[in-house]
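Here's the structure, in C-alpha cells; my notes come after.
The values are calculated or read from the model by the stated rules, or taken from the named source; none is laboratory data. Predicted model, so just to flag it, every value in this text is computed and none were measured. Neighbour counts are summed over all protein chains in view; Cβ atoms, including those assigned to glycine, are modelled from backbone coordinates with ideal geometry.
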Amino acid sequence: MALTEALEETARHAAPDDAAPDAAPDQAPATPLLRVKGVTKMYGGRIGCAAVSFDLWPGEVLGIVGESGSGKSTLLGCLSGQLRPDAGEVIFDTSAQGPVDTLKLAEPQRRLLARTDWAFVHQNPRDGLRMGVSAGGNVGERLMATGARHYGRIRASAEDWLGRVEIDPTRIDDRPRQFSGGMQQRLQIARNLVSGPRLVFMDEPTGGLDVSVQARLLDLLRGLVRDMGLSAVLVTHDLAVVRLLADRLMVMKGGRVVEAGLTDQVLDDPQHAYTQLLVSSVLQV
Amino acid sequence: MTDQAYNFAYLDEDTKRMIRRAILKAIAIPGYQVPFASREMPMPYGWGTGGVQVTAATLVPEDVLKVIDQGADDTTNAVSIRKFFQRTAGVATTERTRDATVIQTRHRIPETPLTEDQILVYQVPIPEPMRFLEPRETETRRIHALADYGLMQVRLYEDIARHGEIATSYAYPVEVAGRYVMDPSPIPKFDNPKLDDCPAIQLFGAGREQRIHAVPPYTRIRSLDFEDHPFIASKADHACALCGSRKSYLDEVITDDAGGRMFVCSDTDFCAENAKGDA
C-alpha cells in the first residue's frame, strides 16, 4: 500500500514538531488531506496540547491514544474547528479550493466544511444527534443544510443510510431515544456520512458500549472507511480499537506527542516509557 | 376620556423612544429580531404585552385604533386592550378594518386588504422560529447571522414524516426578503400569503422575549416548503354559516354536545360587512 510506504519513511520517534514524512513516493497523492503544523492550545497557564504536527494522507486512519487529560480531545477540537488553537496551522485540502488553513477561514465557510467534507462522531451519541427529531430527520439534516429541498429524495437517502449502518429502515420515523446505545451510535455515523465527507473526526466512538456491540461497530466502521476511502482521525484510549482501525498511531502525554509511527510498530515495540506502560496496562483475557 | 394620571399611551416618552429605535432598526433589517428593554405592562405575559408596547410607541393622537383577537373585535383580549388605549391615549377606536390606521392583532391578519396608510401590530409569544429545535439562544443567533437554516427544513421534514404532509397550520416559518427566517406569530398559514408584498407596515412585538421584528411595506415573504410538498394556504372547506363567504378563514364552533357544529368567519368585521354586502 502506497501510504504504508510513505509512512515507513517517517522517523519512528519524530520530534513533536516534525512528525510528517519528508517526501511521499511517486504513487502517493501529491498533497496530504490534512496537514497540521505546531498546533498549540493553552488553558490559561496549563497546556491543552502543545506543538502537535502531523500529515494525514487520503484514505489513512490516524489513531491518537493517551490517558485521560493527555490532550487528545483538545487536539481533536482544534482540528475540527470547535476550539481555537493559540498557535499553529491546520491545512485541509478542500474539494473546492484546494489546501486552505481552516483556522483562517470565515465561520460560514468553516461551518460549510464541517458538514460537507468533514464529519464528527462524538463519544456520546446524544451530543451528535438531535434526540427530539426522528432518525430520518437526523440523517437528512446535513442534506437539507446544504440545500436539498426534495422530501422524497432526502428520505430515500436516509433510508439507504440506515440500511448501510444496519438499522432497520422501518424505524426511520422513530426517535433516537427509542434506540439502544449501539444503534444511536450507528445512527450518528449515518448522519455524519450521508454527505459523503472525506475526513471523519472520531472521539471515542466505541466508548460506553459493551464489547460485542463495540465489535460490530468497529466492523461497520472499518467497512465504511474502506468502501468510501475515508480518512479519519480517531481519538481513543482503547488500544484494541486503534489496532483494528488505525494505520498510524500517535501517543500523547501531557499535551505532547511522545511517540508516533505505524500502529503495529508502536504497539508491538513501544519505545517511549509511557507507551510501554500503556501497552503493558492492557488486560489480557 | 383620557386618564390624566398616565402619559399619552401609558408608556413614558423615553421608553417610547427606546421602542421606536428598536422598531426603526427592525424595519431596516427585515425579519431580524431586535432586542429591546420590554417593560412591565398592566396585564399578564401572554396577553399581548409586546404588541401593546409597540402600539403605544406607534400611536399618535390622530390615530384610529382597531384591536382584534383571533380575528374578532369582541373577545376579552381585544376589548381590554382597546379600552386600555381609549383610557390612556384617548385615541378613536373602530372595528372597521378600512377605517383603522393602527391595527393590533393576535393570531390573524384581517381579510380586508391593508393599505399603505396602515400599521399592523402583531402580538408575538415566541419570536424565535427555531426555539423548539435548538434550545441555545447563542446558537440560534449564530444560525440567523450565517443564514444557516437547514434546521428549519428539518422541522418541516418531521411534519411530513409524521403526518404525511406539512401539518404545521399556524406560526408557519417564512423567509423575509430572501434573508432572515421569521416566525410570523401564530397566524394560520392561510394568512401567510397576505404577508407577502403587503402595502402596510407590519410590526411584531414579543414582550416576554423582549424582541421586536418587522416587515416593511412591499417585502417579499416566502413560506418555506419542499419541492415535492409545496406550501398550501389551507382553510376549512366550508362556507361561512353567517355570511356565506367561501374565501375567508373559518372558525369551527361546536354548537351542542351531539356533534353539531358550524363554521363562521374568524374575522368578525369582514363577516358583518360581507353579510351587508359591502365587502
Given (1) under 22 Å from B:R211 (Cβ atoms); (2) modelled with pLDDT of 95 or more; (3) in a loop (DSSP other than H, G, I, E, B), identify the lone condition not met by B:G46. (2)
All but one of (1) among the small types (G, A, S); (2) under 25 Å from B:F132 (Cβ atoms); (3) within 14 Å of chain B (Cβ to nearest Cβ) hold for A:A156; state the number of the condition that does not hold. (2)
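Is it true that some residue in the range A:61-78 is touching a helix residue (DSSP H, G or I) at 6+ places or on another chain (Cβ under 8 Å), in contact (Cβ under 8 Å) with a residue 60 or more places away in the chain, under 21 Å from A:G196 (Cβ atoms) and within 14 Å of another protein chain (Cβ to nearest Cβ)?
No, the range A:61-78 has no match at all.
Residue-by-condition table, conditions (1) within 20 Å of B:T219 (Cα to Cα); (2) touching a Cys at 6+ places or on another chain (Cβ under 7 Å); (3) more than 14 Å from chain A (Cβ to nearest Cβ):
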{"position": "B:G150", "(1), (2), (3)": "no, no, no"}
{"position": "B:Y157", "(1), (2), (3)": "no, no, no"}
{"position": "B:E165", "(1), (2), (3)": "no, no, no"}
{"position": "B:Y170", "(1), (2), (3)": "no, no, yes"}
{"position": "B:A177", "(1), (2), (3)": "yes, no, yes"}
So how many residues does the range B:1-52 have that are of a type in the set (S, T, N, Q) and in contact with a strand residue (DSSP E or B) (Cβ under 6 Å, 6 or more places away or on another chain)? 1
Being in the same structural domain as B:F204 (by TED's automatic domain parsing) and surrounded by 21 or more Cβ atoms within 10 Å (Cβ to Cβ) narrows it down to one residue among B:Q104, B:Q86, B:Q70; which is it? B:Q104
Of the residues A:G254, A:G181, A:G223, which single one is at positive phi and among the small types (G, A, S)? A:G254
Do any residues in the range A:215-227 that are touching a residue at least 24 places away in the same chain (Cβ under 8 Å) have Cβ atoms under 8 Å from those of residues that are of a type in the set (D, E), where the two are at least six apart or on different chains, and which pairs are they? A:R216/A:E166; A:L220/A:E166
I'd like to verify a number: residues in the range B:30-59 that are β-branched (V, I, T) and in contact with a Phe, Trp or Tyr (Cβ under 9 Å, 6 or more places away or on another chain), how many? 3
Flagged pairs (Cβ under 6 angstrom, 6 or more apart or on separate chains; first in the range B:135-148, at the interface with another protein chain (Cβ under 10 Å from one of its Cβ atoms); second part of a helix (DSSP H, G or I) and surrounded by 12 or more Cβ atoms within 10 Å (Cβ to Cβ)) are B:L146/A:P108
Need the failing condition index for B:A200 against (1) within 14 Å of another protein chain (Cβ to nearest Cβ); (2) surrounded by 15 or more Cβ atoms within 10 Å (Cβ to Cβ), just the number. (1)
Note on the range A:112-149: residues within 11 Å of chain B (Cβ to nearest Cβ) and touching a strand residue (DSSP E or B) at 6+ places or on another chain (Cβ under 6 Å) are A:R149
Looking at (1) modelled with pLDDT of 90 or more; (2) under 16 Å from A:E204 (Cβ atoms), which is the only condition A:G69 fails? (1)
Give the number of residues within the range B:228-265 that are within 14 Å of chain A (Cβ to nearest Cβ) and of a type in the set (D, E). 1
Among the residues of the range A:234-258, which ones are crowded, with 19+ Cβ neighbours inside 10 Å, part of a strand (DSSP E or B) and charged (D, E, K, R)? A:R248, A:K253
Which of the numbered conditions does A:R198 fail, given that it passes all the others? Conditions: (1) within 14 Å of chain B (Cβ to nearest Cβ); (2) touching a strand residue (DSSP E or B) at 6+ places or on another chain (Cβ under 8 Å). (1)
With (1) surrounded by 23 or more Cβ atoms within 10 Å (Cβ to Cβ); (2) in contact with a strand residue (DSSP E or B) (Cβ under 7 Å, 6 or more places away or on another chain); (3) farther than 27 Å from B:C265 by Cα as the list, and B:M182 as the residue in question, which single condition is left unmet? (3)
Taking the condition of being surrounded by fewer than 24 Cβ atoms within 10 Å (Cβ to Cβ) and within 12 Å of B:I81 (Cβ to Cβ), how many residues in the range B:48-58 meet it? 1
Name every residue in the range B:22-47 that is surrounded by fewer than 21 Cβ atoms within 10 Å (Cβ to Cβ) and farther than 21 Å from B:A145 by Cβ, in order of residue number. B:A37, B:R39, B:E40, B:M41, B:P42, B:M43, B:P44, B:Y45, B:G46, B:W47
Restricting the range A:170-186 to residues that are of a type in the set (D, E, K, R) and over 25 Å from the mean Cα position of the chain (by Cα), the residue that is farthest from the other protein chains (Cβ to nearest Cβ): A:R171
